[in-house]
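To keep things clear, I will list the structure first and then write my remarks on it.
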Amino acid sequence: ILNDVELEQLKAIDKLYDWMKRYQKDPRIIIQVGRSGIPNHWPEEVVKKCDFLFDCSGGRGVLADYWPPPVALREGRRVLMTNCGYAGGLNPANLRDQLQLMKKASEGIPFWIDVESGVRQKTELGDVFDIQAVVNFLAIAAYFHGHDNANDSESTKNDAIGGDPPTA
């Protein structure tokens, strides 16, 4: 049963989706969720319009102790979502290991990642993006993406982008 706040949120999602459809063929609305995951009681027609960003830290940049699977329960059955993202505490130093954990959690569903605090630094100019950290992060993510479905043999891994996977 939906409460009044959730009913208003669902109406807002529908209104936003309809507006976005004027400009994009298949728009996606990103909804940030925490430990509880995808709201099981949301109507499936609304869930299908959304991509869910799993961030157990609620945007604070704290690494999750686990990554939830992109599933919702519908009438007692598990329904895998078509697209999801993971965020929270990611940085170049932990990305390789975390991507492996996300891949396992995602149960074969394509996923994307979100990062901000893990590629920032404090300087005399304030809190700014660390361009080298961004480059390192993207190199690790690109390597993982290119090898996600590849044979796990060492020769296959070392043939890509000229050698071993990038490190932080």
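Residue order by solvent-accessible surface for LYS15, LYS25 is LYS25, LYS15, largest first, with ligands and nucleic acids left out and a 1.4 Å probe.
Computed FRET efficiency, Cβ-Cβ of SER117 and ARG35, R0 30 Å: what is it to the nearest 0.05?
Values: r = 19 Å, r/R0 = 0.63.
According to the calculation, E is roughly 0.95.
A Cβ-based charge dipole, computed about the Cα centre of segment 53-147 with Lys and Arg at +1 and Asp and Glu at -1, lands at about 360 debye.
Out of the GluC sites (Glu not before Pro) in segment 1-77, which ones are loop residues according to DSSP with at most 12 other C-beta atoms within 10 Å? All intermediate terms of the calculation are to be shown ahead of the outcome.
Working: sites: GLU6, GLU8, GLU44, GLU45, GLU75; in loops: GLU75.
For GluC sites (Glu not before Pro) across segment 1-77 that sit outside H, G, I, E and B with at most 12 neighbouring Cβ atoms in 10 Å, the list reads GLU75.
Identify the residues of segment 40-67 with backbone N under 14 Å of a label point that sits 7 angstrom from the Cα of MET20 along the Cα-to-Cβ direction, or state none. The answer is 46-53, whose backbone nitrogens lie closer than 14 Å to the label point. With a cut-off of at most 12 other beta carbons within 10 Å, and DSSP calling the residue loop, which chymotrypsin sites (Phe, Trp or Tyr not before Pro) in segment 1-71 qualify? Please list them. Hits after loop and neighbour filter: TYR23, TYR66. Amide H to amide H, with H built 1.01 Å from N, ILE30 comes under 5 Å of ASP51, counting only residues 5 or more places away or on other chains.
FRET efficiency for the pair LEU80 and VAL135, taken as 1/(1 + (r/R0)^6) with r the Cβ-Cβ distance and R0 = 35 Å, rounds to 0.60. Solvent-accessible area of segment 60-109 (1.4 angstrom probe, protein heavy atoms only): carbon and sulfur portion equals 52 percent. For the cross-link pairs LYS11/LYS104; LYS21/LYS49; LYS25/LYS104; LYS21/LYS48; LYS25/LYS49, the ones whose C-alpha atoms lie over 22 Å apart are LYS11/LYS104; LYS25/LYS104. Spin-label point model (7 Å from Cα, Cβ direction): what's the ILE109 to HIS147 distance in nm? Label-label distance for ILE109 and HIS147, simple model: 2.6 nm. Net charge dipole, segment 18-87: roughly 140 debye, given to the nearest 20, about the Cα centre with Cβ charges of +1 for Lys and Arg and -1 for Asp and Glu. On a per residue basis, segment 1-80 carries 65 Å² of accessible surface, using protein heavy atoms and a 1.4 Å probe.
The values are calculated or read from the model by the stated rules, or taken from the named source; none is laboratory data. These numbers were taken from a predicted model, which means no experiment stands behind them. Quick reminder, even Gly has a Cβ in these numbers, built from the backbone with ideal geometry, and neighbours come from all protein chains shown. Accessible surface areas use protein heavy atoms only, side chains included; no ligands, DNA or RNA. Shrake-Rupley method; radii C 1.70, N 1.55, O 1.52, S 1.80 Å.
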